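Asker: Sending over a structure as structure tokens; questions will come in a sec.
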Amino acid sequence: MKQKLVKQFKDIFGSEGIIKTYFAPGRVNLIGEHTDYNGGHVFPCALTIGTYAIVRKREDHKLRFYSMNFEQLGIIESDLDSLVHDKSADWTNYPKGVMWAFKEKGFIIENGFDLLLFGNIPNGSGLSSSASVEVVTAVIIKDMLDFDVNMVDIALISQYAENHFNGVNCGIMDQFSSAMGKKDHAIFLDTSNLTYEYAPIKLENSKIIIASSNKKRGLGDSKYNERRMESEAALAEIQQIRDIKALGELTEDEFEEVQSAIKDPIRRKRAKHAVYENQRTIKAVNALKENNIALFGKLMNESHVSLRDDYEVTGKELDTLVEAAWEQEGVIGSRMTGAGFGGCTVSIVENDKVDGFVKAVGEKYLKNIGYAADFYVVDIGDGAREI
Ligand code: ADP
Ligand code: MG
């Protein structure tokens, strides 16, 4: 892979100078959804699929970008002195945003780059290809310009770029997983203070399967922002009677004591999800530590029900995939993952049931939805790095 991409880089940008190769993974969240902006816990892992970047430092301020995934766009040029979001600059707004974010944080960038990307994550499907593009760019800048930042800073700078340069109001989970991932481990991250712990995922008898609904998020981004506002409004109402900073601070019992402060029943359901999902995530990680994978799976299923009924971010595509999965033998747990409204589900399936799962869930999806889903058996890999 590396040799092939370096050759492509040389064909496009010329072969002189020092050419380096980096990789940043996509991620899948096993449980803890829509908790990362509510001060709760998440439990994602980095994947072995992600974004490869081939790069050469320049001596001027020029930026030249090329993506193997968007070859029709050709080389897109820009400049370190004009880092503004520009719709016509398409995907290059992601790496440009990271350069801008470094500058905003006070770093001085005097070298431009020639950058070629190749990603093997399905784009826009909720496995965070955008975060992997940001994180790989941030690692390149840190490494090639010798900036004193650690991998958590890399995640924060990348999130800052996605929020403020690209206008996507995401929490920290995606960039954190891509930067901090660890092979065969998931990251139990408390988003209220960024403390984290790696938990081994020892799936001797089962596999993680991602099913992509192939439904593009469409209106998803505006719905995502709506959910964030509903959660914030519910928090503000609870704060009238209780001194908390985030919904993630409440246990289920504490929520039941204060929930009547939330006037609107819809908003109450949203807050209930945020609180219960956070507690479920804590329980799920404990179950895993006790090697109780069956309980872990049951909590994944409950997470989906809560996202479907209380947070209302699933939709018929994701529900069809998950409900078809639940009917299958050998399925330990299945839920939507990512922001929802489209995107993917994640399932844990016993080894010898994987083929049957893909066939049966795939057929049901095609029959009910009218187009096919894609299935990926994934492995948990390391975070962003030079390769
Ligand atoms: P997700 O992050 O869930 O995959 P997004 O819509 O947030 O979905 O991000 C997808 C966008 O990220 C793409 O449309 C593109 O702009 C950018 N992107 C992702 N991977 C690549 C790549 N390999 N090359 C260029 N741009 C990419
Ligand atoms: Mg994204």
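A short reminder: the numbers here are calculations on the coordinates, not readings from a lab. Every value quoted in this text rests on a predicted model; they were computed, and no experiment measured them. Reconstructed Cβ throughout: ideal geometry from the backbone, glycine too, with neighbour counts over all protein chains shown.
Asker: Need the full-extension length gain, Thr48 to Thr251, defined as separation in residues times 0.36 nm minus the C-alpha distance. One decimal, nm.
Answerer: 69.6 nm
Asker: Taking the simple approach of a point 7 Å from Cα along Cα-to-Cβ for both Lys4 and Asn193, what is their distance in nm?
Answerer: 4.7 nm
Asker: Further question: Between Asn278, Asn150, Asn29, which gets the highest mean-square fluctuation from a Gaussian network model of the chain, Cα cutoff 10 Å?
Answerer: So, out of Asn278, Asn150, Asn29, the one fluctuating most is Asn150.
Asker: State to the nearest 20 debye the size of the charge dipole of the chain about its Cα centre, where the only charges are +1 on K and R beta carbons and -1 on D and E beta carbons.
Answerer: That gives the chain a dipole magnitude of about 700 debye.
Asker: Relative contact order (percent) for region 1-101, with alpha-carbon contacts under 8 angstrom and 6 or more residues of separation?
Answerer: Once normalised by length, the contact order is 19 percent.
Asker: Fully extended, how many nm does the chain gain between His61 and Ile244 (0.36 nm per residue separation, minus their Cα-Cα distance)?
Answerer: Length difference between fully extended and current span is 61.2 nm.
Asker: Turning to a different aspect of this structure: Past 32 Å, Cα to Cα, is the threshold; run Lys20/Lys215; Lys216/Lys359; Lys10/Lys223; Lys7/Lys182 against it and keep the listed order.
Answerer: Distance filter (> 32 Å) returns Lys20/Lys215; Lys10/Lys223.
Asker: Return the FRET efficiency for the residue pair Tyr371, Asn69: r is the Cβ-Cβ distance, R0 is 30 Å, and the value is rounded to the nearest 0.05. Numbers along the way, then the final one.
Answerer: Details: r = 21 Å, r/R0 = 0.71.
Step by step, r from the Cβ atoms, then E = 0.90.
Asker: Select from Phe9, Leu194, Gly40 the residue farthest towards the positive end of the dipole of the chain; place +1 on Cβ of Lys and Arg, -1 on Cβ of Asp and Glu, and compute about the Cα centre.
Answerer: Phe9
Asker: Students often get this wrong: which residues of region 326-370 have the backbone nitrogen under 14 Å from the point 7 angstrom along Cα-to-C-beta of Asn205?
Answerer: 330-333, 349-354
Asker: I'd like the distance between the alpha-carbon centres of region 186-207 and region 267-310, rounded to an integer number of Å.
Answerer: Distance between centres, Cα-based: 14 Å.
Asker: Also: What list do you get for Ile157, Ile18, Ile141 if you sort them by fewest beta carbons within 10 Å?
Answerer: Numbers: Ile157 28, Ile18 8, Ile141 25.
In order of increasing Cβ crowding within 10 Å: Ile18, Ile141, Ile157.
Asker: Quickly work out the Asn225-to-Ser15 label distance, labels modelled 7 Å from Cα along the C-beta direction, and quote it in nm with one decimal.
Answerer: Label-label distance for Ser15 and Asn225, simple model: 4.9 nm.
Asker: Pick out which of Ala161, Ala360, Ala373 has the largest mean-square fluctuation in a Gaussian network model of the chain, springs linking Cα atoms closer than 10 Å.
Answerer: The residue with the greatest mean-square fluctuation here is Ala360.
Asker: Cα axis of helix 354-369 to longest principal axis of the chain: angle in degrees, 0 to 90, nearest 10?
Answerer: Orientation of helix 354-369: about 80 degrees from the principal axis.
Asker: On to the next question. Under the definition of Cα pairs under 8 Å and six or more residues apart, what whole-number percent is the relative contact order of region 2-201?
Answerer: 27 percent
Asker: Here is a follow-up. With all pairs of different alpha carbon atoms counted, what Kirkwood hydrodynamic radius in Å does the chain show? Numbers along the way, then the final one.
Answerer: Numbers: mean 1/r = 0.0466 Å⁻¹.
Final number for the Kirkwood radius of the chain is 21.5 Å.
Asker: Can you grab the distance from the C-alpha centre of region 339-387 to the C-alpha centre of region 81-103, Å, no decimals?
Answerer: Centre-to-centre distance over Cα atoms comes out at 32 Å.
Asker: What order do you get for Val285, Val133, Val275 when you list them from fewest to most C-beta neighbours inside 10 Å?
Answerer: Ranked by crowding around the Cβ, least crowded first: Val285, Val275, Val133.
Asker: What is the calculated FRET efficiency for Glu77 to Asn111, with r their C-beta to C-beta distance and R₀ = 25 Å, to the nearest 0.05?
Answerer: On the way: r = 15 Å, r/R0 = 0.62.
E(calc), rounded to 0.05, equals 0.95.
Asker: If you don't mind, there's one more thing I want to ask. Calculated from DSSP H runs of 4 or more alone, at -39500 (n - 2.57) each and per residue, what is the 222 nm mean residue ellipticity of the chain, nearest 500?
Answerer: So the helix-based figure for the chain works out to -13500 deg cm²/dmol.
Asker: Can you compute the charge dipole magnitude of region 2-201 about its Cα centre, using +1 on each Lys and Arg Cβ and -1 on each Asp and Glu Cβ, nothing else charged? Give it in debye, rounded to the nearest 20.
Answerer: 580 debye
Asker: What do you get for the angle between helix 129-145 and the principal long axis of the chain? Use alpha-carbon atoms, 0 to 90 degrees, nearest ten.
Answerer: 40 degrees
Asker: Once Lys and Arg get +1 and Asp and Glu get -1 on their Cβ, which of Pro265, Val377, Asn291 lies farthest toward the positive end of the dipole of region 234-379?
Answerer: It is Pro265.
Asker: Sticking with this structure for a sec: In the Gaussian network model of the chain, springs joining C-alpha atoms below 10 Å, which of Val322, Val135, Val168 carries the largest mean-square fluctuation?
Answerer: Val168
Asker: Of Leu73, Leu288, how do they rank once you tally other Cβ atoms within 10 Å and put the fewest first?
Answerer: On the way: Leu73 14, Leu288 22.
By the 10 Å Cβ count, ascending: Leu73, Leu288.
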